[in-house]
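Asker: The following block contains the structure, expressed as structure tokens.
What follows draws every value from the coordinates through simple rules; no lab data is involved. Predicted, not measured: the structure shown is a model, and the values here were computed from it. Note that each Cβ is placed from the backbone with ideal geometry, even for glycine, and that neighbours are counted across all protein chains shown.
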Amino acid sequence: MASKKDFVKFDKVDKSYDGKVLVVKDLQLDIAEGEFITMLGPSGSGKTTCLMMLAGFETPTNGEIYLDGKAISSIPPHKRGIGMVFQNYALFPHMTVYENLAFPLRVRKIPKDEADKKIDKALSMVSLQGFAARMPGQLSGGQQQRVAVARSLVFDPQLVLMDEPLGALDKNLRESMQYEIKHIHESIGVTVVYVTHDQSEALTMSNRIAVFNDGKVQQLSSPDELYEKPVNSFVAEFIGENNTFGGEVSDISEGKCKVKLANAEIIANPISVKGKGERTTVSLRPERALINPSTKMDNLHKGKIEEVIYHGDHTRVRINLLGNPEFILKVPNSSSNLDIKLGNEIKIGWNSDDARALDPK
Amino acid sequence: MSSETKQILTTDGIPLEVSLKKAEKKNKIKAFLLVAPLLFFLIITYVFPIGDMLFRSVDDKMVTQMLPKTFKAMENWDGQELPDEEVFAAFHEDFIKLVEDKREGKLSTQLNYTKNGFKSIIKKLRRASKKFEEGNYKEQIMAVHKRWADVEYWRAIQRRAPEFTGQKYLKGMDMYVNEEGKIVSVEEDRRIHRVLWLRTLEIAFFVTVFCFLMAYPIAHLLATLPMKYSNLLMICVLLPFWTSLLVRTASWMILLQQQGIVNDFFVGIGLVADDNRPEMMYNKTGSYVAMTQILLPFMVLPLYSVMKTISPSLMRAGKSLGGTPFVAFWKVYFPLTIPGIGAGCLLVFILAIGYYITPALVGGASGTLISNQIAFHMKSTLDWSFASAMGLMLLSGVLVIYWLYNKIVGIDNIKLG
């Protein structure tokens, strides 16, 4: 796998629909062969537009897209050989499951016995053997989605695009489908470009995630890096939960900086701040802060418990800390010896490495 | 299904079905009361008059009631030779009564439908009957005119004896019951209705085809354009609906006449010579052009409503799976529009087959349809029973098409909106 680093390449791609607003700005993105890459972002961030340009349903206003080294802007969609799974499945309602899967094979003039073999294989891949004669209307949402996945793979494309394919499913089904798609990807090694606005979906499935906002890729990295080391406040805010402190850098040295808040000072890890006097937003993941830490931590402050919400495996505690009334802590319910009661004053500590000083909001 | 069905009871011990019926009774009454005014209106204005008209097409009581004694006397007549004195006496008695009531004119009209030539001899008989002496009516009546001595005319009278008749339907097909009681076609040069039926079917068929060819792209555009353009286009499609049918037809008369705008244009671009302008009106061309334009919205709207529900991602899916735009259209998009095509074609065809005003105004002699003939008999000849017979034939033609459509495409496959 990963034999080619730039199997798909977006080269300085711009896209505008009306000549006034750029939906995609100067997109530079390489996708390796066999990779599962997710475009993640809020609606209107340009991620679906990127996918449509790759599929050939939209043309880039500027720049070029390369697939396996070939420029594809002038190739019509039906000659690109890219499989695609659509948001609402887009199964042909007047054809049976078999005919749906046979469609891409028939237009490629693949002989019937060979086509039947491929269809059988594709159906068994999504565990839908025996459903070939059904009409799409007779299938549940999850089954329809699996047919759509099978159809996008049945003609052995090198690249499969998925446009929020699980958006219409309920939560449990969505989760099991996430694993199923991930396993299919792992077993056949096809390159997948996946678009979603659901961050947990992106974190679960992808090799790499491209976080889109405002027509630009904000960060492109592996799921754990994205979560642990966001490079700007948008990514920190968009992925997972996040506690923030807005302040001004008062001192900076040796990979540490001091940030002056309204009425206190904290030590943080300077990521996008360069010098004294800069405005910054410090981001800290809830699970990185501890109550009454046993080890020594370079940030230790007192806060008042404002709200306690029981969540089964953990308890969410909202604390008024250093002038931020929305400071969230997640306490595992196994450590029940802690004295978490509404109105109590508690000590909260965290390492300065985990407090990332990013661009101001 | 389980083999033994146990009666399910409610908590109070009443059978569930009884309880359910009771609970739903109030709603049913309410629902009925809501539709009752319309139902009442429909019965009075639709079911009753149409039923009455249809009954008229087979009703032949008028003559039966005007000549009761004659027909009674004719029961023993074999129809081979002239009837005997008994029939003539009975006929005389009936006729005198009619003359007293001043209804002999109606009789002559009715009998004339059956056989030409009755009008004058009945007039003569009325004048002569005043001087008739009692007894030997056969001699006296036969002396009035030689046709009264012709057995053909007495057979014609006898044919009007039954209270019900299907002869109007035969007439609608250019057929009649001849003297021997056989159903035969009328002479070649007098067959007008068959030509009209065929022309009606032909024009309705081609108007449907033209409407389909023109409406399909428009409907597709309507369904896929962004809202602000599609609204404008929709107004253009609906504009004809807001204009009077008469005004639209009259506009076509202005456009299509020999010195009209279309002809001027053809001459202007040198397509035809000025002294050889084609006739586009008062013939089939006129009917085709005007009817296609007028019926177009009835094709566009069902097509549009069906196309609107087809997700654009289906065409995209077809293309992304490797189908050329044509294959994607033909294998994916087109089959999904069939319910709309069926609805539109059925609607346009049925409307076209009974179209009246437009062919009457721009159709001329060669472009008129069967409905114009029906109107002619309603207004001019006052042969209402013949008009309603043809109306019923038209209706059954439509039902046959509907049945065929159901057999071929399936009526549940139809979609009007």
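Asker: When all alpha-carbon pairs of the range A:3-116 are counted, what percent fall beyond 21 Å?
Answerer: Considering the range A:3-116, 48 percent of its Cα-Cα pairs are separated by more than 21 Å.
Asker: Return an integer: the convex hull volume of the alpha-carbon atoms of chain B, in Å³ per residue.
Answerer: Convex hull volume per residue, Cα atoms: 317 Å³.
Asker: Further question: Between the range B:207-276 and the range A:246-309, how far is it from one alpha carbon centroid to the other, in angstrom?
Answerer: 74
Asker: Related question: Return the inverse of the average 1/r over all pairs of distinct C-alpha atoms in the range B:315-417, which is the Kirkwood hydrodynamic radius, in Å to one decimal.
Answerer: 16.6
Asker: Still on this structure, I have one more. Quick one: divide the alpha-carbon radius of gyration of chain A by 2.2 N^0.38 Å and tell me what you get.
Answerer: Chain A yields a ratio of 1.19.
Asker: Just the Cα atoms of the range A:152-241: what Rg and Dmax do they give in Å?
Answerer: 13.7, 42
Asker: When the expected Rg is taken as 2.2 N^0.38 Å, what fraction or multiple of it is the alpha-carbon Rg of the range A:240-313?
Answerer: Taking the Cα Rg and dividing by 2.2 N^0.38 Å, one obtains 1.25.
Asker: Can you tell me, using C-alpha contacts under 8 Å and at least 6 residues apart, the relative contact order of the range B:87-150 as a whole percent?
Answerer: 34
Asker: Name the residues whose placed amide hydrogens come within less than 5 Å of the amide hydrogen of A:ASN213, ignoring near sequence neighbours (fewer than 5 apart) on the same chain.
Answerer: Those lying under 5 Å, H to H, from A:ASN213 are A:GLN218.
Asker: Nearest-5 percent of antiparallel DSSP beta bridges in chain A?
Answerer: Bridges in chain A that DSSP calls antiparallel: roughly 75 percent.
Asker: Find the all-direction average of the projected area of the Cα convex hull for the range B:292-333, expressing the result in square nanometres with one decimal place.
Answerer: Computed as one quarter of the Cα hull surface, the answer is 3.4 nm².
Asker: Kindly provide the Kirkwood hydrodynamic radius of the range B:61-163 in Å, to one decimal, from all pairs of distinct alpha carbon atoms.
Answerer: Hydrodynamic radius (Kirkwood, Cα only) of the range B:61-163 equals 13.4 Å.
Asker: Over every pair of different alpha-carbon atoms in the range A:90-245, take the mean of 1/r and invert it; report that Kirkwood radius in Å.
Answerer: 17.1
Asker: With labels modelled as points extended 7 Å from the Cα through the Cβ direction, what inter-label distance (nm, one decimal) is found for A:LYS229 paired with B:ARG127?
Answerer: Spacing of the two 7 Å Cα→Cβ label points: 12.5 nm.
Asker: Within straight cross-link reach of B:LYS130, meaning Cα distance under 13 Å, which aspartates and glutamates are found once same-chain residues fewer than 8 apart are removed?
Answerer: The reachable aspartates and glutamates, counting only those whose Cα sits under 13 Å from B:LYS130, are B:GLU93, B:GLU100.
Asker: Which order do peptides B:279-292, B:207-220 fall in by mean Cβ count within 10 Å, highest first?
Answerer: B:279-292, B:207-220
Asker: Given B:LYS102/B:LYS123; A:LYS260/A:LYS304; A:LYS109/B:LYS319; B:LYS97/B:LYS379, which pairs have Cα atoms separated by over 18 Å?
Answerer: A:LYS260/A:LYS304; B:LYS97/B:LYS379
Asker: May I pose another question? Got the relative contact order for chain B handy, in percent, Cα pairs under 8 Å and 6 or more residues apart?
Answerer: 17
Asker: Whole Å is fine, so just give me how far the alpha carbon centre of the range B:284-334 lies from that of the range B:63-125.
Answerer: Each part reduced to its Cα centre gives a spacing of 63 Å.
Asker: So how much slack lies between A:GLN158 and A:ALA71, counting 0.36 nm per residue of separation and subtracting their Cα-Cα distance, in nm?
Answerer: 29.7 nm
Asker: Of A:LYS229/A:LYS347; A:LYS79/A:LYS112; A:LYS70/A:LYS216; A:LYS276/A:LYS347, which sit over 27 Å apart, Cα to Cα?
Answerer: The answer is A:LYS276/A:LYS347.
Asker: Let me ask another. Based on the alpha carbons, how large is the Rg to Rh ratio for the protein assembly as shown when Rh follows Kirkwood?
Answerer: 1.21
Asker: Taking amide H atoms as placed 1.01 Å from N in the peptide plane, list the residues 5 or more away in sequence, or in a different chain, whose amide H sits under 5 Å from that of A:ASN299.
Answerer: Hits under the 5 Å cutoff: A:TRP350, A:SER352.
Asker: In sequence order, what are the phi-derived ³J(HN,Hα) couplings for the range B:239-252 according to the Karplus relation 6.51 cos²θ - 1.76 cosθ + 1.60 with θ = phi - 60°, rounded to whole Hz, with x for glycine and proline?
Answerer: 3, x, 5, 8, 9, 4, 4, 5, 5, 5, 5, 4, 4, 5
Asker: Also, I was wondering about something else. Jot down the per residue volume, in cubic angstrom and as a whole number, of the convex hull over the alpha-carbon atoms of the range A:61-107.
Answerer: Convex hull volume per residue, Cα atoms: 119 Å³.
Asker: Also: On a full-extension model of 0.36 nm per residue, what is the gain between B:ALA36 and B:ARG190, subtracting their alpha-carbon distance, rounded to one decimal in nm?
Answerer: So the chain would gain 50.5 nm between B:ALA36 and B:ARG190.
Asker: On to the next question. Using Cα centres only, tell me the gap between the range A:182-221 and the range B:167-187 in whole Å.
Answerer: About 81 Å separates the Cα centre of the range A:182-221 from the one of the range B:167-187.
Asker: Volume per residue, Å³, of the convex hull around the alpha-carbon atoms of the range B:1-77?
Answerer: 296
Asker: Taking one equal scatterer on every alpha-carbon of the range A:200-353, how large is log10 of I(q)/I(0) by Debye at q = 0.13, 0.15, 0.16, 0.20 1/Å?
Answerer: Results for the range A:200-353 at q = 0.13, 0.15, 0.16, 0.20 Å⁻¹ read -0.67, -0.88, -0.98, -1.31.
Asker: What FRET efficiency, computed as 1/(1 + (r/R0)^6) with R0 = 60 Å and r the Cβ-Cβ distance, is obtained for A:ILE188 and B:VAL267, rounded to the nearest 0.05?
Answerer: Step by step, r from the Cβ atoms, then E = 0.30.
Asker: So what J values fall out for the range A:69-75 if you push phi through Karplus, 6.51 cos²θ - 1.76 cosθ + 1.60 with θ = phi - 60°, rounded to Hz, Gly and Pro as x?
Answerer: x, 9, 5, 10, 4, 9, 8
Asker: Determine ³J(HN,Hα), in whole Hz, for all residues of the range A:17-33 in sequence, where each value follows from phi through the Karplus function 6.51 cos²θ - 1.76 cosθ + 1.60 and θ = phi - 60°; x replaces Gly and Pro.
Answerer: 8, 10, x, 10, 10, 8, 7, 10, 10, 6, 6, 10, 8, 10, 10, 7, 5
Asker: Take the eigenvalues of the Cα gyration tensor for the range B:193-413, scale each by 5, and report the square roots as semi-axes in whole Å, largest first.
Answerer: 34, 25, 15
Asker: Got a sec? How would B:TYR333, B:TYR355 order by Cβ neighbour count within 10 Å, fewest to most?
Answerer: B:TYR333, B:TYR355
Asker: Take the residue pairs B:LYS138/B:LYS182; B:LYS308/B:LYS331; B:LYS61/B:LYS119; A:LYS182/B:LYS331 and return only those whose Cα atoms are more than 23 Å apart.
Answerer: Distance filter (> 23 Å) returns B:LYS138/B:LYS182; A:LYS182/B:LYS331.
Asker: Moving on to the next point. Apply 1/(1 + (r/R0)^6) to the Cβ-Cβ distance of B:PHE329 and A:ALA133, taking R0 = 22 Å, and write down the FRET efficiency to the nearest 0.05.
Answerer: That pair, B:PHE329 with A:ALA133, gives E of 0.25.
Asker: Here is a further query. With an 8 Å cut-off on Cα pairs and a minimum separation of 6 or more residues, tell me the relative contact order of the range A:11-111 in percent.
Answerer: Taking the mean separation of contacting Cα pairs over the length of the range A:11-111, I get 22 percent.
Asker: Let me ask another. On average, how many beta carbons from a partner chain sit within 10 Å of the beta carbon of a residue in A:87-95?
Answerer: That average works out to 5.
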